[in-house]
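**Student:** Just passing along the structure, written as structure tokens.
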Amino acid sequence: MAKPVLISGVQPTGRLHIGNYLGALKNFVELQDSGKYQCYFFIADLHSLTEEFDQKEKQRQILELTADFLAVGLDPKKSAIFQQSRISAHSELASILYPITPMGELERMTQYKDKIANQKENINAGLFNYPVLMAADILMYGTQFVPVGDDQDQHLELARTLARKFNSRFGKTFVEPKGLHTPTPRVMSLKNPTKKMSKSQPEGCLFLDDSPEDISAKLKSAVTDSGSEIKYDSDKKPAIANLLEMYAGITGDEMSKLEKKFKNSSYSDFKNSLAELVASRFADFRKKKKSLMADPVSLTVILKSGSERANKVAEKKIKEVKEKIGLI
Ligand code: TYM
């Protein structure tokens, strides 16, 4: 029996933060290494054009994210690692899905509403149509599982809706995908525990390649809650709960174990321990990323060959789709 297909993408918009890691990439590596899935992981470069960018910087960001993927543990021998824009079938499938996508479904997307509130000078149609392209990315490969943070749930739901709609009108073509979450599907900002950690607010991010000094300084200045006890209470102590979740996300410890461990610690002791943990957890990542970034040609080769692999599957699917709807 063929293994179930799993796919996920990340936008090349800058350095990865610990939210990306604990919500998504850590899971990518574990799922890949379980050997239970046919894995596809891709650089969502077309999606990233919906935000302001510089064309020279974009090329660098694509290679940087490829280095991030590899440094974190994704392996081109085990997974197809590819670049979205190298596969024209993604855009073609999106065009085919637009006419079956109700405008209302797109208008109520929270990510769209957040983005247009945050980039008022650049409210573009790409932002509005984003979830349709994302549905195309997913449906293309017969995907059953999509490991993502919970900010992508609404988009995933649209992919399921579009799969059902298409199938009922044109016959069984797409699989309805399911999301996979880690125990930390939403890591919050270091500066504001009611807001998601996000690259668009870098001051609240802990980046995976931050130096140990930066990690320590950022955690020292991370907001805390009133009181002094290290206790997991997401209502009353949302900032400490967020830091505890980061700790547990890395070690896999139960909260009760961590509460015991830090029973007699001050906030500042706990933050120091977390800083040490994060710095040592990503020491190897920092080293690998640096050496991978020094060889951009090899990164491009990996992307090209992963894209060729994915393209074979995508070309077959887009042909099937066109036949089903009577285009060819
Ligand atoms: P992106 O690039 O914003 O984020 C990459 C992954 O990181 C997760 N994530 C988080 N998880 C926990 N806490 C956070 N603070 C946090 N911030 C980000 C995201 O949920 C995501 O899994 N739309 C996608 C890219 C995409 C995609 C796809 C994903 C395009 N097509 C098809 C899956 C399948 C995005 O913008 O991710």
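The values are calculated or read from the model by the stated rules, or taken from the named source; none is laboratory data. Just so you know, these numbers come straight off a predicted model, no measurement behind them. With ideal geometry, Cβ positions are generated from the backbone for all residues, glycine too; neighbour counts draw on all protein chains shown.
**Student:** Kindly provide the set of residues from region 137-168 that are without any contact (Cβ under 8 Å) to a residue 24 or more places away in the chain and either closer than 19 Å to R108 by Cα or of a type in the set (F, W, Y) (or both), ordered by number.
**Tutor:** Of everything in region 137-168, those that are without any contact (Cβ under 8 Å) to a residue 24 or more places away in the chain and either closer than 19 Å to R108 by Cα or of a type in the set (F, W, Y) (or both) turn out to be L156, E157, R160.
**Student:** What is the residue count in region 107-142 for residues that are assigned to a helix (DSSP H, G or I), within 13 Å of the ligand (Cβ to nearest atom) and of a type in the set (A, V, I, L, M, F, W, C)?
**Tutor:** So the count comes out to 8.
**Student:** Got a sec? Which of G19, G35, G73 is at pLDDT 95 or above and in contact with a helix residue (DSSP H, G or I) (Cβ under 6 Å, 6 or more places away or on another chain)? Write out each step before concluding.
**Tutor:** Numbers: G19 fails: in contact with a helix residue (DSSP H, G or I) (Cβ under 6 Å, 6 or more places away or on another chain); G35 fails: in contact with a helix residue (DSSP H, G or I) (Cβ under 6 Å, 6 or more places away or on another chain).
Result of the check over G19, G35, G73: G73.
**Student:** Further question on the same structure: Go through E64, E51 for me and flag whichever is within 15 Å of the ligand (Cβ to nearest atom), charged (D, E, K, R) and not in a helix (DSSP H, G or I).
**Tutor:** E51 is the lone residue from the list that is within 15 Å of the ligand (Cβ to nearest atom), charged (D, E, K, R) and not in a helix (DSSP H, G or I).
**Student:** Got a sec? Which of S216, S221 is away from the ligand (no atom under 11 Å from the Cβ), touching a residue at least 40 places away in the same chain (Cβ under 8 Å) and either at negative phi or not basic (K, R) (or both)?
**Tutor:** From the options S216, S221, the qualifying one is S216.
**Student:** Given (1) in a helix (DSSP H, G or I); (2) in contact (Cβ under 8 Å) with a residue 60 or more places away in the chain; (3) touching a strand residue (DSSP E or B) at 6+ places or on another chain (Cβ under 9 Å); (4) aromatic (F, W, Y), where does F69 come up short, assuming only one miss?
**Tutor:** It fails just one condition, (2).
**Student:** Being exposed (fewer than 15 other Cβ atoms within 10 Å of the Cβ), of a type in the set (V, I, T) and outside the structural domain of K257 (by TED's automatic domain parsing) narrows it down to one of T194, T143, so name that one.
**Tutor:** T194
**Student:** Oh, and also: Kindly indicate whether L180 is hydrophobic (A, V, I, L, M, F, W, C), under 22 Å from A135 (Cα atoms) and either in contact with a helix residue (DSSP H, G or I) (Cβ under 8 Å, 6 or more places away or on another chain) or at pLDDT below 95 (or both).
**Tutor:** Here the answer is yes, as L180 does meet what is asked.
**Student:** Sticking with this structure for a sec: Quick one: how many residues across region 197-231 are surrounded by 15 or more Cβ atoms within 10 Å (Cβ to Cβ), assigned to a loop (DSSP other than H, G, I, E, B) and under 26 Å from the mean Cα position of the chain (by Cα)?
**Tutor:** 11
**Student:** Scanning region 1-37 for residues that are farther than 16 Å from D150 by Cβ and of a type in the set (A, V, I, L, M), which turns out surrounded by the most Cβ atoms within 10 Å (Cβ to Cβ)?
**Tutor:** I7
**Student:** Among the residues of region 175-187, is any more than 17 Å from the chain's Cα centre (by Cα), farther than 30 Å from S307 by Cβ and more than 9 Å from the ligand (Cβ to nearest atom)?
**Tutor:** No, every residue in region 175-187 fails to be more than 17 Å from the chain's Cα centre (by Cα), farther than 30 Å from S307 by Cβ and more than 9 Å from the ligand (Cβ to nearest atom).
**Student:** Among the residues of region 146-161, what is the count of those that are assigned to a helix (DSSP H, G or I), crowded, with 18+ Cβ neighbours inside 10 Å and either within 7 Å of the ligand (Cβ to nearest atom) or not small (G, A, S) (or both)?
**Tutor:** Count: 5.
**Student:** Would it be correct to say that Y40 is part of a helix (DSSP H, G or I) and surrounded by 20 or more Cβ atoms within 10 Å (Cβ to Cβ)?
**Tutor:** no
**Student:** Continuing with the same structure: Quick one: is L46 in contact with a strand residue (DSSP E or B) (Cβ under 9 Å, 6 or more places away or on another chain), under 30 Å from K195 (Cβ atoms) and surrounded by 15 or more Cβ atoms within 10 Å (Cβ to Cβ)?
**Tutor:** Judged against the criteria, L46 is not a match.
**Student:** Follow-up question, since we're still on this one. Would you check which residues across region 253-311 are within 18 Å of L16 (Cβ to Cβ) and of a type in the set (S, T, Y) and list them?
**Tutor:** Listed by number, the residues that qualify are S280, S291.
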